[in-house]
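> Below are the structure tokens for one structure; questions will follow.
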Amino acid sequence: MNITQHTPSKKLLAVFAHPDDESFICGGTLAKYASEQVDITLVSATRGEMGRRMGNPPYLNRETMADAREMELRNACDSLGIRQLQFLDIRDKTVEFVDENSLTARITAIIQEIDPDVVLTFHEKLGGHPDHCAIGKATTAAFQKLDRRGALYFITFGDAMERPERYGYSRKDVVKIDVHAHLDAKLAAFRDHRCQTEIDEWVWLPDQEAKARFGKYEYFLKADRASSTLNHDDLFISTLG
Ligand SMILES: [Zn+2]
């Protein structure tokens, strides 16, 4: 699984379920790697059109929500430095009902086309939402079936993985990324997801106060628990060019 050949730029592929997963869960990490010229592709399974938040005061309805959330996600990608965005066009809240083999095949094709060094997705059991778990399961199956180079990680919520043993993991399974220098971008991305965050007053406090609500670290679980080549403070294997 080690890579020795020089690659011109590192590539990261994130396969998530909804617009805002990328910003709310790991926006600091994505902004950090984008600032280091990592080429990032985000795949969102859905457009989040069944979301219950409509803005505050509401400015969306069921018909306008998909387009609005797509636009808000595009703005968030700009704020974070994500250059490529793809949708799988699955209806929001139905990812778990999509045929697993065909979903895995679609993600397999994306991985083969992009050829990423790092793949991020949800943990299939710890994802916290049926859409998250389903897209995580399919992405994990695709990555493992390909038996390819690179590393797969699961995104995690907040600082839960400060205590990984609660979830059946140990500290050696965790990668802890210092994102303190990228909280401006993370906050901007939160605000770009306007319909989702307008109801959260803290997001709209003065920047310093709002940023103080963010943790300084984001945490990832290694999918390959046996690997000894992975770092604990960087998603990329250090032998990469
Ligand atoms: Zn989500």
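> If you check Arg52 against the conditions, is it within 15 Å of the ligand (Cβ to nearest atom) and not in a loop (DSSP other than H, G, I, E, B)?
Criteria not met by Arg52.
> Right, next: So which residues in the range 20-49 are closer than 18 Å to Ile114 by Cβ, within 14 Å of the ligand (Cβ to nearest atom) and out of contact with any Ser or Thr (no Cβ under 9 Å at 6 or more places or on another chain)?
Result: Leu42, Ser44, Ala45.
> Now for a different question. Which residue is farthest from His180 (Cα to Cα), if the candidates are limited to the range 204-223 and must be touching a strand residue (DSSP E or B) at 6+ places or on another chain (Cβ under 7 Å) and in contact (Cβ under 8 Å) with a residue 60 or more places away in the chain?
Ala223
> Tell me, please, whether a residue that is away from the ligand (no atom under 16 Å from the Cβ) and at pLDDT below 95 can be found in the range 8-19.
Taking every residue of the range 8-19 in turn, at least one turns out to be away from the ligand (no atom under 16 Å from the Cβ) and at pLDDT below 95.
> Could you please give the count of residues in the range 115-151 that are within 16 Å of the ligand (Cβ to nearest atom) and among the β-branched types (Val, Ile, Thr)?
So the count comes out to 3.
The values are calculated or read from the model by the stated rules, or taken from the named source; none is laboratory data. The model shown is predicted, which means the values in this text are computed figures rather than measured ones. Note that each Cβ is placed from the backbone with ideal geometry, even for glycine, and that neighbours are counted across all protein chains shown.
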